[in-house]
Amino acid sequence: MRVLDRIRSNSTGRLALKIGVGIVGSLVVAIGIVLIPFPGPGWAIVILGLAILAIEFHWARGVLAFTKRHVQSWTHWIGRQSLPIRALIGLVGMIFISAVVWASVRVSFGIDLVQVALDWLAAR
């Protein structure tokens, strides 16, 4: 933290740090938001962007704390559920992610993955 304190010690450094953190954090959040519908770390990237913004912005610290609280509460709730309920939640999640991938490939490339799979199975 000493480096940040040294940068903040004069008005030019403070402004440059605020602008730099704002730009980098916003870009990371924007990339994460774009990646949310796709399988992968979209939400983790959004949270990383919030952590970057929280270095300089009080409101981002609040949003980050809110997010952390709710993710932990969801994780603890899932952990308390029985194995069949966790399996059902996992199955619903897998179906949702599969639908997002199917729709993304269909819209982006015009390829119907279900039809490709059915054609492949018919050829076997």
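The values are calculated or read from the model by the stated rules, or taken from the named source; none is laboratory data. Nothing here was measured: the structure is a model prediction, and the numbers come from that model. Every residue, glycine among them, receives a Cβ derived from its backbone with ideal geometry; neighbour counts consider all protein chains shown. To get the accessible areas, we keep the full protein, side chains included, count just its heavy atoms, and leave off ligands, DNA and RNA. Shrake-Rupley method; radii C 1.70, N 1.55, O 1.52, S 1.80 Å.
When only the heavy atoms of the protein chains count and the probe is 1.4 Å, how do 27, 53 rank by accessible area, highest first?
From most accessible down to least: 27, 53.
For a quick protection proxy, order the peptides 54-65, 102-113 by their average other-Cβ count within 10 Å, most packed first. Could the numbers behind the result be given before it?
On the way: 54-65: 14.8, 102-113: 11.7.
The packing order, highest mean first, is 54-65, 102-113.
Given Cα pairs under 8 Å that are at least 6 residues apart, what percent is the relative contact order of the range 30-124?
18 percent
Please get the size of the charge dipole for the range 50-114, origin at its Cα centre, with Cβ charges of +1 on Lys and Arg and -1 on Asp and Glu, quoted in debye to the nearest 20.
Taking the Cα centre of the range 50-114 as origin, the dipole is about 280 debye.
So how do 18, 68 rank on accessible area, 1.4 Å probe, biggest first, that is with the largest at the start?
Values: 18 80, 68 125 Å².
Solvent-accessible surface, decreasing: 68, 18.
Heavy-atom accessible area per residue, the chain, 1.4 Å probe: how many Å²?
Numbers: 9210 Å² over 124 residues.
In whole numbers, the chain has 74 Å² accessible per residue.
Return one quarter of the surface area of the convex hull spanned by the alpha-carbon atoms of the range 1-110, equal to its mean projected area, in nm².
Mean projected area for the range 1-110: 9.3 nm², to one decimal.
Per 5 Å bin, what is the whole-percent P(r) computed from every C-alpha pair distance within the range 64-124?
Per 5 Å bin, starting at 0, the Cα pair percentages come out as 4, 15, 13, 14, 14, 13, 10, 10, 4, 2, 0.
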